[in-house]
Amino acid sequence: MPESTPPRSLYRETADGTGSYPTLAGAQRARIAIVGGGFTGLSTALHLAEAGDDVAVLEAQQPGWGASGRNGGQVNPGLKYDPDTIEAMFGPELGLRTIDFSYGAPDFTFGLIKRLSIACEARQNGTIRAAIRPKPEAAVRATAAQCARRGMPVDMLDAKAMAARTGTDRYTSGMFDARGGDLHPLKYSLGLAAAAQSAGARIFGGSEVFALKREAGRWVLKTTGGTVSAEKVLIATNGYTGALWPGLEQSLVPVFSAIAATEPLTPALAAAILPERPVVYEAGNITVYYRIDADGRLLMGGRGPMSPIENASAIRYLTDYALRLWPALAGVRWTHGWNGRVAITKDHLLHVHEPEDGVLICLGYNGRGVAMASAMGAALAQRLRGDETSPFPMPISPLKPIRFHRFWPLGVKAAILSGRLKDRFGL
């Protein structure tokens, strides 16, 4: 599924430039080389450069080209699993670190944006996890109870409160987490890139790494235009991972997530839908998520076609669902529709690997990358620097390719269909 150009998206049209970093030319040296110019790579480069380290970022296209510049813009706390489950999976020590880190990631992200003065329409107005049927409602209540027991700023909302906050009577309940929020992801990506470069990081666009080899005690990264020799390497390619490292591409499944955006709504209609401007995602097997951006546009997101799209007509199921939620949208134009790849792992957890000395890999955000990738940048930078003043916040796991990976397109389509049927019948 090659993509030679990024899709026409609302973000690209409103980003005030899309960044243009030079192509790598000739032979260069760096202490640390990073493959991938998304949130993970850029945040890591920023924190390394701020610590005085010598770092180079190699991006196949331009910073923010992939999911980091196309996603739903939701800055959500936590992982897929509830806190109690995470603690049971990883044990009390690592489990608590992972919980604190993942649920604290939005505060880290908004704090970073404020510190760097990145103009990316960031708003910390909270996240609502919405429930429609009894089974999702029970899951939401369990999450809320576990978070509240740990002192997190969450509240359960009943059907009346949900209607007031979302403008629709579809939801039976929801969990509000005050730490969440939203931003313009491409503006944020470009802001991170500019900040990293200002701190001393070298960033190269149009520089796809096609080979990574150990030579004379260093790692050599080869592109069509040149090479970088480095002591250490971070691979942070997420949903656009290729064959650079053996078995890595087979350890995850790239799934397309799609977004449709309306024309700017009237102030009255925008206020009727989300008056306090939280972001919302539905609890269920197949997630639908939405927000109203700084210009008053409604952005609806969900699983999309497994190939690039160019307009909202390709994702009518999202726009039709929006009309079901808010009939007052009748007659409103859907001006944009686009998609991009997110990386789904078999266990639905972020994967961090260290397959060889000097090689660190981080990918597989499972649709939760805005906050987590931003925060992971600081943790990865600390590990790459050899700083052991605080323990690493996530498990480091062995690289395990998924069995029968070549059949993943069929599996994804079947899983989406199954999930939609289960959601429809409340399973």
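The values are calculated or read from the model by the stated rules, or taken from the named source; none is laboratory data. Every value quoted in this text rests on a predicted model; they were computed, and no experiment measured them. Reconstructed Cβ throughout: ideal geometry from the backbone, glycine too, with neighbour counts over all protein chains shown.
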> Looking at (1) touching a Cys at 6+ places or on another chain (Cβ under 7 Å); (2) at pLDDT below 95, which is the one condition that is false for P83?
Replying inline: (2)
>> For segment 20-30, which positions are surrounded by 14 or more Cβ atoms within 10 Å (Cβ to Cβ) and farther than 15 Å from T227 by Cβ?
In response: Y21
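For segment 253-263, indicate whether the set of residues that are out of contact with any strand residue (DSSP E or B) (no Cβ under 7 Å at 6 or more places or on another chain) and not hydrophobic (A, V, I, L, M, F, W, C) is non-empty. Can you show your working first?
Keep residues of segment 253-263 that are out of contact with any strand residue (DSSP E or B) (no Cβ under 7 Å at 6 or more places or on another chain), which gives none.
Looking through segment 253-263, none of the residues is out of contact with any strand residue (DSSP E or B) (no Cβ under 7 Å at 6 or more places or on another chain) and not hydrophobic (A, V, I, L, M, F, W, C).
Which residues, taken from segment 16-45, are of a type in the set (S, T, Y), closer than 17 Å to K187 by Cα and in a helix (DSSP H, G or I)? Give the derivation first.
Going through segment 16-45, the residues of a type in the set (S, T, Y) turn out to be 18, 20-21, 23, 40, 43-44.
Now drop any that are not closer than 17 Å to K187 by Cα, which leaves 18, 20-21, 40, 43.
Selection gives T40, S43.
Please go through segment 337-363 and pick out each residue that is of a type outside the set (K, R) and within 14 Å of S257 (Cα to Cα). Full working, then the answer.
Initial filter on segment 337-363 (of a type outside the set (K, R)): 337-340, 342-345, 347-363.
Those that are of a type outside the set (K, R) and within 14 Å of S257 (Cα to Cα): G337, W338, N339, G340, V342, A343, I344.
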>> Only one of R385, R324, R333 is farther than 30 Å from L269 by Cα and basic (K, R). Can you tell me which?
In response: R385
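Check A194, A148, A230 and return the single one that is among the hydrophobic types (A, V, I, L, M, F, W, C) and surrounded by fewer than 17 Cβ atoms within 10 Å (Cβ to Cβ).
Numbers: A194 fails: surrounded by fewer than 17 Cβ atoms within 10 Å (Cβ to Cβ); A230 fails: surrounded by fewer than 17 Cβ atoms within 10 Å (Cβ to Cβ).
None of the others qualify; the one that does is A148.
Condition first: touching a residue at least 24 places away in the same chain (Cβ under 8 Å), under 30 Å from T241 (Cβ atoms), surrounded by fewer than 20 Cβ atoms within 10 Å (Cβ to Cβ) and touching a helix residue (DSSP H, G or I) at 6+ places or on another chain (Cβ under 8 Å). Can you find one or more residues in segment 289-306 that meet it?
Going through segment 289-306, the residues touching a residue at least 24 places away in the same chain (Cβ under 8 Å) turn out to be 289-306.
From what is left, the residues that are under 30 Å from T241 (Cβ atoms) are 289-291, 293, 299-306.
Still in the list and also surrounded by fewer than 20 Cβ atoms within 10 Å (Cβ to Cβ): 305-306.
Next, only the ones that are touching a helix residue (DSSP H, G or I) at 6+ places or on another chain (Cβ under 8 Å) stay: 305-306.
So far as segment 289-306 goes, yes, one or more of its residues are touching a residue at least 24 places away in the same chain (Cβ under 8 Å), under 30 Å from T241 (Cβ atoms), surrounded by fewer than 20 Cβ atoms within 10 Å (Cβ to Cβ) and touching a helix residue (DSSP H, G or I) at 6+ places or on another chain (Cβ under 8 Å).
Is there a residue in segment 217-229 that is in contact with a His (Cβ under 8 Å, 6 or more places away or on another chain) and among the small types (G, A, S)? Outline the logic, then answer.
The first filter runs over segment 217-229 and keeps only residues in contact with a His (Cβ under 8 Å, 6 or more places away or on another chain), leaving none.
No, that holds for no residue.
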>> Looking at D169 and the list (1) closer than 26 Å to H47 by Cβ; (2) over 16 Å from the mean Cα position of the chain (by Cα), which single condition is not satisfied?
In response: (1)
> Within segment 124-138, is there a residue that is closer than 19 Å to G284 by Cα, part of a strand (DSSP E or B), of a type in the set (K, R) and touching a residue at least 60 places away in the same chain (Cβ under 8 Å)?
Replying inline: yes
>> Looking at segment 98-120, can you tell me whether even one residue there is surrounded by 21 or more Cβ atoms within 10 Å (Cβ to Cβ) and part of a strand (DSSP E or B)?
In response: no
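Mind listing whichever residues of segment 251-273 are of a type outside the set (A, V, I, L, M) and either modelled with pLDDT of 95 or more or over 16 Å from A343 (Cα atoms) (or both)?
First, pick out the residues of segment 251-273 that are of a type outside the set (A, V, I, L, M): 251, 254, 256-257, 262-264, 266-267.
Of everything in segment 251-273, those that are of a type outside the set (A, V, I, L, M) and either modelled with pLDDT of 95 or more or over 16 Å from A343 (Cα atoms) (or both) turn out to be S251, T262, E263, P264, T266, P267.
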> Scanning for something buried (at least 18 other Cβ atoms within 10 Å of the Cβ), under 20 Å from the mean Cα position of the chain (by Cα), at positive phi and touching a residue at least 12 places away in the same chain (Cβ under 8 Å), does segment 79-96 turn up at least one residue?
Replying inline: no
> Are there any pairs with C-beta distances below 7 angstrom linking a residue in segment 97-109 that is of a type in the set (D, E, K, R) to a residue that is crowded, with 18+ Cβ neighbours inside 10 Å, with the two at least 6 apart or on different chains, and if so which?
Replying inline: R97/P393; D107/R179
> When segment 220-239 is examined, which residues are found to be at pLDDT 95 or above and closer than 22 Å to A373 by Cα?
Replying inline: K232, V233, L234, I235, A236, T237, N238
